Amino acid sequence: MPKMKTHKGAAKRFSITGTGKLKRTQANKNHILEKKSPKRKRRLRKSTLVDKTKEKNYKQAMPYL
């Protein structure tokens, strides 16, 4: 059976924590930042975990990560 290919777009966006959960960066921090409050922009800097319901699908896209 051939090797599975890693989805490169997903591999660039997610990383795996020590406990095996998926870590991702938050959305809404790229443009139109003038109207967003400094507090909101500070919160968006931090990474967060992927939702449990989608984690299985994302891990299938990245079998060797």
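Coordinate-derived values only; no laboratory data. Keep in mind it's a predicted model, so treat the numbers as computed, not measured. Every residue, glycine among them, receives a Cβ derived from its backbone with ideal geometry; neighbour counts consider all protein chains shown.
Which value, in debye to the nearest 20, describes the size of the charge dipole of the range 20-65 about its Cα centre when Lys and Arg Cβ atoms bear +1, Asp and Glu Cβ atoms bear -1, and nothing else is charged? All intermediate terms of the calculation are to be shown ahead of the outcome.
Numbers: 17 positive and 3 negative charges, 67 e Å.
So the magnitude is around 320 debye.
Which residue, 12, 52, 35, has the most motion in a Gaussian network model of the chain that connects Cα atoms within less than 10 Å?
For the chain, modelled as a Gaussian network with Cα springs under 10 Å, the answer is 35.
Which of the lysines could a cross-linker span from residue 59 if the Cα-Cα distance has to be under 30 Å and same-chain partners fewer than 8 positions apart are dropped?
3, 5, 8, 12, 21, 23, 29, 41, 46
Identify which of 15, 37, 47 has the largest mean-square fluctuation in a Gaussian network model of the chain, with springs joining Cα atoms closer than 10 Å.
Highest fluctuation among the options: 37.
Dividing the Cα convex hull volume of the chain by residue count, how many Å³ per residue is that? Mind dumping the intermediate values first?
Numbers: hull volume 6.6 nm³, N = 65.
It comes to 101 Å³ per residue, whole-number rounded.
Name the residue farthest towards the positive end of the dipole of the chain from the options 32, 9, 61, assuming +1 on Cβ of Lys and Arg, -1 on Cβ of Asp and Glu, about the Cα centre.
Of 32, 9, 61, it is 32.
Considering only 22, 33, 49, give the residue with the highest GNM mean-square fluctuation for the chain, with springs between Cα atoms whenever their separation is below 10 Å.
Highest fluctuation among the options: 33.
Quick one: if the Förster radius is 30 Å, what FRET efficiency do residue 51 and residue 3 give, using the C-beta to C-beta distance and rounding to 0.05? Intermediate results must be reported in sequence, preceding the final value.
On the way: r = 28 Å, r/R0 = 0.94.
Plugging the Cβ-Cβ distance into 1/(1 + (r/R0)^6) gives 0.60.
What is the calculated FRET efficiency for residue 39 to residue 12, with r their C-beta to C-beta distance and R₀ = 30 Å, to the nearest 0.05?
On the way: r = 28 Å, r/R0 = 0.94.
With a Förster radius of 30 Å, E is 0.60.
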